[in-house]
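The values are calculated or read from the model by the stated rules, or taken from the named source; none is laboratory data. None of the values given here were measured: they were computed from a predicted structure. In this analysis, Cβ positions are derived from the backbone assuming ideal geometry, glycine residues included, and neighbour counts consider all displayed protein chains.
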Amino acid sequence: MYGNAYIDPNEKPKSIIDGEDPIKLAEFEARIARGEKIEPKDWMPREYRKQLIRMIEQHAHSEIIGALPEGTWITRAPGFKRKLALMAKVQDEVGHAQLLYSAAETLGKSREAMINDLITGKSKYSNVFNYPAFTWADACIIAWLIDAGAIINQVANAKGSYGPYCRALDRICTEESFHLKYGHDNVVTLATGTATQRKMVQEALNRWWPPIMHFFGPSDKISNHTEILMRWKVKMATNDDMRQQFLNMYVPKIWDLGLTVPDTLLKKNDETNKWEYTEPDWDEFKRVINGDGPCNAERLAVRRNAEERGRWVREALNTSQSKYIVPLA
Amino acid sequence: MIKSLDPRVTRDQIELNNQIAPLQELDQWETYEVFHQKKRGDQHMHVGIVHAPNPEMALLFGKEQYGRRGITANIWVVKTANVFASEYEDQDIFETVPEKQYREAGGYKVMEKINKYKKEKKA
Ligand SMILES: [Fe+2]
Ligand SMILES: [Fe+2]
């Protein structure tokens, strides 16, 4: 689960290819233009490596933190079958984190360093997981619509240029299709159920709509930076394009169920073929991503607790004399 | 203590400011490359890595990570450190040249010779 890579708008705009060997850079760009993948030991520009580490690491953190609000509902999921399904989904998300940490590791940052940056709050993760899942219906909306957003992002990124990330995403996308179906099935059950169930799912949708609109991030500033990252196939689509794609695919499905979206301006403009909507509250987005959301502190505290409680087990098993080697692919 | 909707938080009495020592190098162990065979008779294919303290745990994690969906007949794990790989930089060593047609089935045009022979014989 994931939103688009969060690029700090305050970061100084500098030439991101300064000091790179022009011949190697030209070969690198030609390889990408031919549609070939970049592999871990290939030459790559510093900024390519840096942005990929940041992006894949944020993605991995989002999977592992995203498992927390949903995991909350495992013991209370209605019925044995739903408990089993939710456990399988949560296990998948943690598995996604492992696949993604591995892909980032091939770029030279160890898993320990990434986890340290997560639990100290230095690294970001998808903003949506800083909100609580109040009811079972919230967990259903997450599984359907947040995973739907994640799939749009992941399918786009799977066509990127870095081999290990693409391979991880191909595996992940296969599993996400189960998450999406599972989530949709649960929402449909509530929406076609009793008046109380319908009310419950509508209220959950109302709560989750603002975070969903935040999910892909604010409109990209059309900068030199964005343009180069898109040429390098690090960034595969603009935030607005992905948001449009999401609205196009899912708003009709929401309306189909007789549910409403809490945005009176939301409609498709038939001339431009684009969705119009109330601009999300980007100040709230920034406040939450910088640590001040309803659950940021809790999420990190829970993660630290898990690391600490598992530490003695990891240490007891750590009898190997060997040295850490960066994985191959 | 955190007031939370998460029953695990309450059960563990987690504090918001539970600072912990940073993870040290090798806290997550070394890595193993995982090879997965779908059905008996198929090739084993490289599918990714796991972090593990020993081969037995690597097999266990490999099963969870790469064998929990679809079908699996068998998996192998190999310490990353024990894999020796060629360099992409040297990819040209695999290039072939037209003079090496003698290695290919297409390099042998017997039908041409046979037809020529038959034609000459008739004449
Ligand atoms: Fe996921
Ligand atoms: Fe998912």
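List of remarks:
- Any hit, the range A:1-19, residues being within 16 Å of ligand 2 (Cβ to nearest atom), more than 14 Å from every other protein chain (Cβ to nearest Cβ), modelled with pLDDT of 95 or more and surrounded by 15 or more Cβ atoms within 10 Å (Cβ to Cβ): no
- Which listed residue is part of a loop (DSSP other than H, G, I, E, B) and touching a Ser or Thr at 6+ places or on another chain (Cβ under 7 Å), from B:LEU5, B:LEU23, B:LEU16: B:LEU5
- Condition check for A:LYS159: surrounded by 18 or more Cβ atoms within 10 Å (Cβ to Cβ) and within 22 Å of A:ALA60 (Cβ to Cβ): no
- Selected residue (only one of A:LEU247, A:LEU300, A:LEU229 is within 14 Å of another protein chain (Cβ to nearest Cβ), part of a helix (DSSP H, G or I) and crowded, with 19+ Cβ neighbours inside 10 Å): A:LEU300
- When residues in the range A:125-152 are screened for being within 11 Å of ligand 2 (Cβ to nearest atom) and either under 10 Å from the mean Cα position of the chain (by Cα) or not aromatic (Phe, Trp, Tyr) (or both), 8 of them pass.
- Considered as a group, the residues in the range B:1-44 that are touching a Leu at 6+ places or on another chain (Cβ under 8 Å) and of a type in the set (A, V, I, L, M, F, W, C) include one that is nearest to B:ARG69 (Cα to Cα), and that residue is B:TRP29.
- Qualifying positions in the range B:1-25 - more than 7 Å from chain A (Cβ to nearest Cβ) and among the hydroxyl-bearing types (Ser, Thr, Tyr): B:THR10
- Members of the range B:75-112 found to be within 14 Å of chain A (Cβ to nearest Cβ) and closer than 30 Å to B:LEU59 by Cβ, listed by number: B:VAL77, B:VAL78, B:LYS79, B:THR80, B:ALA81, B:ASN82, B:VAL83, B:PHE84, B:ALA85, B:SER86, B:GLU87, B:TYR88
- Members of the range B:26-46 found to be more than 7 Å from chain A (Cβ to nearest Cβ) and either touching a Gly at 6+ places or on another chain (Cβ under 6 Å) or crowded, with 19+ Cβ neighbours inside 10 Å (or both), listed by number: B:TYR32, B:VAL34, B:HIS36
- Inside the range A:150-173, residues that are out of contact with any Lys or Arg (no Cβ under 6 Å at 6 or more places or on another chain), away from ligand 1 (no atom under 11 Å from the Cβ) and assigned to a helix (DSSP H, G or I) make up a count of 9.
- So A:GLY293, is it small (Gly, Ala, Ser), surrounded by 13 or more Cβ atoms within 10 Å (Cβ to Cβ) and within 22 Å of A:TRP144 (Cβ to Cβ): yes
- Residue count, the range A:125-143 (criterion: farther than 13 Å from A:PHE215 by Cβ and either without any contact (Cβ under 8 Å) to a residue 60 or more places away in the chain or surrounded by fewer than 24 Cβ atoms within 10 Å (Cβ to Cβ) (or both)): 4
- Subset of the range A:162-176 [away from chain B (no Cβ under 11 Å) and surrounded by fewer than 19 Cβ atoms within 10 Å (Cβ to Cβ)]: A:CYS166, A:CYS173
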